[in-house]
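Note sheet for the following structure.
Please treat every number below as a calculation from the coordinates, not as lab data. None of the values given here were measured: they were computed from a predicted structure. Neighbour counts run over all protein chains shown; Cβ positions are idealised from the backbone, glycine included.
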Amino acid sequence: MAKDPAKIDLADATAIVFDVAPFSAPDNKLMEIAKKSGVKTVQIVVDEAERQPADITVSLFVQTGNALLHHKFRHFHQVRRKYRKATKLVFIHLGDLLPYRSLRAVVDTLHRLRLRMKIAPGLGLKKADRRNLMKIYPGTRFCGKSESPARAYFEADLALIPPGEEALEAACVGTPALYTPLDKGQENLAAACAGMGTGVPIPSLADFSIQALRDAIAPLTLERREQMGAAGKKLVDGLGVQRFFAILKEQGIIEK
């Protein structure tokens, strides 16, 4: 977005979709300009605290079936899962802004628990950092940056993720999750994610420890993980994009 929303040409626009969190001053200004111009505003909300006065709101955690996922998630949602008796592989997907030192601390903790890892690299993670982690911690692998994480979620026994859209990705393919808040504002969201029956909350990265992680994983027996996987698949089926376009058609934003 341009720094000055007033410079954005809305002459041919019928709607603006806001998929940002948190809202910045320019975002609020653009919404105000759009409303005055008769352009409909659509907001995709993960955390209800981020709700703005948009004309249409799609709340992903209230309407989990509307999760906007890559089409491969729909494919892996349909594939029958086989869960391992014991947890061996953890998929780590902690976002683009996680510093290398924080990621290394997470990897070190999981390695000490003798777990293998596959990691979705953030945009700021250098190739040298990736090589370093794979060298120091054998059995650690990375997803390609342009690759959909659907397969990585599906192949993992657990997903280590922040509470948010990643929770819906893991749920869609039936992978139980460990929800770790990346900041204090996410603690309530972590509890809400756990309340869906699809995973368990764990301490934030600042309080991450071997014992805390061991205590969180220990109760996740094969039967419990199967239950969590089934609960996730009931909540999210990977058809959210189609439902989202149906909403836009009903509102006359796009042609039927």
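Among the residues of the stretch 186-211, what is the count of those that are over 17 Å from the mean Cα position of the chain (by Cα) and small (G, A, S)?
Within the stretch 186-211, the first condition is being over 17 Å from the mean Cα position of the chain (by Cα), and the residues that meet it are 203, 206-211.
Those still in the list that are small (G, A, S) too: 206, 209.
Counting residues in the stretch 186-211 that are over 17 Å from the mean Cα position of the chain (by Cα) and small (G, A, S) gives 2.
Exactly one residue among F142, F154, F76, F91 is more than 21 Å from V46 (Cα to Cα) and touching a Pro at 6+ places or on another chain (Cβ under 6 Å), and that residue is F142. For R81, the conditions (1) more than 13 Å from A120 (Cα to Cα); (2) free of Cβ contacts under 8 Å to residues at least 60 places away in the same chain; (3) touching a helix residue (DSSP H, G or I) at 6+ places or on another chain (Cβ under 7 Å) are fulfilled apart from (2).
Conditions (1) more than 19 Å from V58 (Cβ to Cβ); (2) among the small types (G, A, S); (3) part of a helix (DSSP H, G or I), marked per residue:
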residue	(1), (2), (3)
L10	yes, no, no
V17	no, no, no
A21	no, yes, no
P26	yes, no, yes
K29	yes, no, yes
G38	yes, yes, no
Q43	no, no, no
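Which residue out of V45, V62, V20 is of a type in the set (A, V, I, L, M, F, W, C) and either free of Cβ contacts under 8 Å to residues at least 12 places away in the same chain or more than 22 Å from A194 (Cβ to Cβ) (or both)?
On the way: V45 fails: either free of Cβ contacts under 8 Å to residues at least 12 places away in the same chain or more than 22 Å from A194 (Cβ to Cβ) (or both); V62 fails: either free of Cβ contacts under 8 Å to residues at least 12 places away in the same chain or more than 22 Å from A194 (Cβ to Cβ) (or both).
That would be V20, the only listed residue that is of a type in the set (A, V, I, L, M, F, W, C) and either free of Cβ contacts under 8 Å to residues at least 12 places away in the same chain or more than 22 Å from A194 (Cβ to Cβ) (or both).
Summed over the stretch 105-124, residues that are more than 18 Å from the chain's Cα centre (by Cα) and crowded, with 16+ Cβ neighbours inside 10 Å total 6.
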